[in-house]
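The values are calculated or read from the model by the stated rules, or taken from the named source; none is laboratory data. In this text, all values refer to a predicted model and were calculated from it rather than measured experimentally. So basically every Cβ, Gly included, is an ideal-geometry build from the backbone, and we count neighbours across all protein chains shown.
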Ligand SMILES: Cc1ncc(C[n+]2csc(CCOP(=O)(O)OP(=O)(O)O)c2C)c(N)n1
Ligand SMILES: [Mg+2]
């Protein structure tokens, strides 16, 4: 299978391709850098006991930023737990993301007008929601696309296959973005499937597909733009080959299952480093640009954290009110008991 | 107004509901075939294949897709061909549909209706006849409606489709076509969460739902002839439970017998017994009786009759209750 690649590991352009405008190029880098900083900060906060559990994105920013950049406001994202760079860029407030990983029960609520489903914990379950959201768009005659993110491990789940099949049979406007980061916790791709690539499953469902270097943001952007257009006529499957540079979550220790030499090899392919080299060679990157991004992100994080620390998490009684639209008698009694107005 | 069966009443409700553009129907064989019980007959012809959808054969796919549709503004009615097949969709039912509201902090919700024929007595192959409503009642966020008459079936289904929360709507297969009654031709709703007192009485209360409501009326009549007055309550909705109606009845009759077609242990009957103990134990003159299925997998056809609750087992329980003063 031929992999779409625009940049080599040194950030040199491969082949004769139409590069996006300077502004888009700079935005790509800035958003990846912002994502990396937020990720790093949340990881540190977890170590300080200020977060519950975090699933780091580091290493996978390119495909997530590229995906979000091709979307319009009315489009939908059905994410897993490792997609906050994409969801944030699509309008999910940073505050929500931090609240979610702090273990606050209100973190999953996107603001009105931001079409991002809450974080999905059950592997591949969100893929069917994406299929359904896209089905609704099609039935209503709307142009919106739905993008769903999932990992290599997710491809073994029944919901993965059911989602692909439903979408293919009904030609739904959904883009399935598989971030093949080589592992499902400790399990390597080779134990997950007996195929060379993941993308070849798309062929079995007779849907359009793209196979891309997931650490090359120019290639990812190109592929996602094409996928977006094609999705008008039916589903598109994208396999983005990437690597999670950090642990599975803040409770995982990758030393148990992968060699440090392997990690080092992938650090060489870091999507940020590669893009920065590309920009620098074109005169689009300098230290001041870098600092400006860093300052903006730090400020943004500080503001969000300050706001969160002022707003307490919902209480148990608040949560009970969110189980049904109107609490039935027996739940209302429990709420009244908690609120002390029995 | 005319006499209708449960199948006809549900079919009519679906025709009414689909007049609203946001209502869609999906499931296995529901469109061209009109469903294996013909409950969805004629709907595809009227509303077209984009609103009455034959899906691939995959229950998790059906429910998960319905959840996604509902998040994006539709009101999907999903059919699970036989209730025992819903195990395939367990996660989408109990950890997805039920949690969308809480998980998204109220931004989204999942107003799906999942229709499915259930229950015993039709000589079906394995896993076609199970009554597993209790499993779903253990997942807050879901409502479970189990009508026993054509009138209630139509009104409750229309209420379920309007309801802002996910509703599991269970259709009693064994009485799909055997019970008839006058049902208005126009649309109307019957409120979810309200039990119905089928027969008022003073000496003992029977709480039940689904097909036993039909045959228990004869049992109640037999007692009436002996001068014993039994109150018969049809729960109609098993989640949320209408505990007030049950408690008010027990406070009057002082004796409670629960009848259900499901396995005994950890059934809805157990929850009713616990709630009545919490709220009205001092009104009772004797133990709470349960007449139910047995604690085995739902049996093959030749054992079905022994397994199911029946009038003579109910009479043994009631006769015992009547000995307490
Ligand atoms: C249904 C289900 N089974 C198991 C788990 C536990 N679990 C959480 S993440 C994970 C690995 C997922 O791997 P992959 O799909 O490759 O995504 P990644 O974490 O690499 O982004 C597992 C096994 C789960 N959350 N849900
Ligand atoms: Mg993975």
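Things worth noting here:
- Residue satisfying all of: in the stretch A:156-179; buried (at least 24 other Cβ atoms within 10 Å of the Cβ) and away from chain B (no Cβ under 11 Å); nearest to ligand 1 (Cβ to nearest atom) among these: A:179
- Taking the listed residues A:223, A:236, A:199, the one that is assigned by TED's automatic domain parsing to the domain that holds residue A:152, in contact with a helix residue (DSSP H, G or I) (Cβ under 7 Å, 6 or more places away or on another chain) and touching a residue at least 60 places away in the same chain (Cβ under 8 Å) is A:236, with no other qualifying.
- Residue check, residue A:46 within 12 Å of ligand 1 (Cβ to nearest atom) and in a helix (DSSP H, G or I): no
- Residue A:13 vs. criteria touching a helix residue (DSSP H, G or I) at 6+ places or on another chain (Cβ under 8 Å), outside the structural domain of residue A:298 (by TED's automatic domain parsing) and touching a residue at least 12 places away in the same chain (Cβ under 8 Å): yes
- Residue list for the stretch A:307-322, filter: in a helix (DSSP H, G or I) and more than 9 Å from chain B (Cβ to nearest Cβ): A:307, A:308, A:309, A:310, A:316, A:317, A:318
- Filter result for residue B:119 (over 19 Å from residue B:17 (Cα atoms) and away from every other protein chain (no Cβ under 13 Å)): yes
- Candidates B:219, B:214, B:314, B:247, filtered to the one that is free of Cβ contacts under 8 Å to residues at least 40 places away in the same chain, assigned to a helix (DSSP H, G or I), surrounded by 15 or more Cβ atoms within 10 Å (Cβ to Cβ) and not assigned by TED's automatic domain parsing to the domain that holds residue B:138: B:247
- Residues in the stretch B:272-291 that are touching a helix residue (DSSP H, G or I) at 6+ places or on another chain (Cβ under 7 Å) and part of a helix (DSSP H, G or I): B:272, B:275, B:276, B:279, B:280, B:283.
- Considering residues of the stretch A:67-96 that are in a helix (DSSP H, G or I) and within 13 Å of chain B (Cβ to nearest Cβ) only, the residue farthest from ligand 1 (Cβ to nearest atom): A:95
- Condition check for residue A:140: more than 14 Å from chain B (Cβ to nearest Cβ) and either surrounded by fewer than 21 Cβ atoms within 10 Å (Cβ to Cβ) or more than 14 Å from ligand 1 (Cβ to nearest atom) (or both): no
- Selection count where residues are within 17 Å of residue B:117 (Cβ to Cβ) and assigned to a loop (DSSP other than H, G, I, E, B), scope the stretch B:32-54: 9
- So residue B:144, is it in a strand (DSSP E or B), within 18 Å of the chain's Cα centre (by Cα) and not assigned by TED's automatic domain parsing to the domain that holds residue B:16: no
- Residue in the stretch A:143-154 that is farthest from ligand 1 (Cβ to nearest atom), counting only those that are more than 11 Å from every other protein chain (Cβ to nearest Cβ) and within 25 Å of residue A:69 (Cβ to Cβ): A:143
- Each residue in the stretch A:11-43 was checked for being touching a strand residue (DSSP E or B) at 6+ places or on another chain (Cβ under 9 Å) and assigned to a loop (DSSP other than H, G, I, E, B), and 2 pass.
- Flag: residue A:122 does not match the condition of being more than 8 Å from every other protein chain (Cβ to nearest Cβ) and either out of contact with any strand residue (DSSP E or B) (no Cβ under 6 Å at 6 or more places or on another chain) or at pLDDT below 95 (or both).
- Set A:271, A:247: member being surrounded by fewer than 20 Cβ atoms within 10 Å (Cβ to Cβ) and within 16 Å of ligand 1 (Cβ to nearest atom): A:247
- Taken over the stretch B:63-76, the criterion of being in a helix (DSSP H, G or I) and either out of contact with any helix residue (DSSP H, G or I) (no Cβ under 7 Å at 6 or more places or on another chain) or free of Cβ contacts under 8 Å to residues at least 24 places away in the same chain (or both) is satisfied by B:68, B:70.
- Taking the numbered list (1) within 14 Å of chain A (Cβ to nearest Cβ); (2) surrounded by 21 or more Cβ atoms within 10 Å (Cβ to Cβ); (3) assigned to a helix (DSSP H, G or I) in turn, residue B:87 passes all entries but (2).
- Selection from the stretch A:119-137 of residues that are under 23 Å from residue B:77 (Cα atoms) and more than 10 Å from ligand 1 (Cβ to nearest atom): A:126, A:127, A:128, A:129, A:130, A:131, A:132, A:133, A:134, A:135, A:136, A:137
- Sole residue being under 28 Å from residue A:6 (Cα atoms) and buried (at least 22 other Cβ atoms within 10 Å of the Cβ), chosen from A:42, A:32, A:127, A:92: A:32
- Candidate set from the stretch B:1-31 (those that are within 12 Å of chain A (Cβ to nearest Cβ) and assigned to a loop (DSSP other than H, G, I, E, B)); member that is surrounded by the most Cβ atoms within 10 Å (Cβ to Cβ): B:22
- Among (1) within 14 Å of another protein chain (Cβ to nearest Cβ); (2) within 29 Å of the chain's Cα centre (by Cα) - the single one residue A:304 does not satisfy: (1)
- Filter pass, residue A:114 being assigned by TED's automatic domain parsing to the domain that holds residue A:200, within 16 Å of the chain's Cα centre (by Cα) and within 16 Å of ligand 2 (Cβ to nearest atom): no
- Out of A:281, A:297, A:277, A:287, one residue alone is surrounded by fewer than 13 Cβ atoms within 10 Å (Cβ to Cβ) and farther than 30 Å from residue B:100 by Cβ. It is A:287.
- Any hit, the stretch B:261-277, residues being surrounded by fewer than 21 Cβ atoms within 10 Å (Cβ to Cβ), at pLDDT below 95 and over 17 Å from the mean Cα position of the chain (by Cα): no
- Of all residues making up the stretch A:120-155, the number that are assigned to a loop (DSSP other than H, G, I, E, B), in contact (Cβ under 8 Å) with a residue 12 or more places away in the chain and away from ligand 2 (no atom under 16 Å from the Cβ): 4
- Residues in the stretch A:323-333 that are more than 9 Å from every other protein chain (Cβ to nearest Cβ) and exposed (fewer than 15 other Cβ atoms within 10 Å of the Cβ): A:333 alone.
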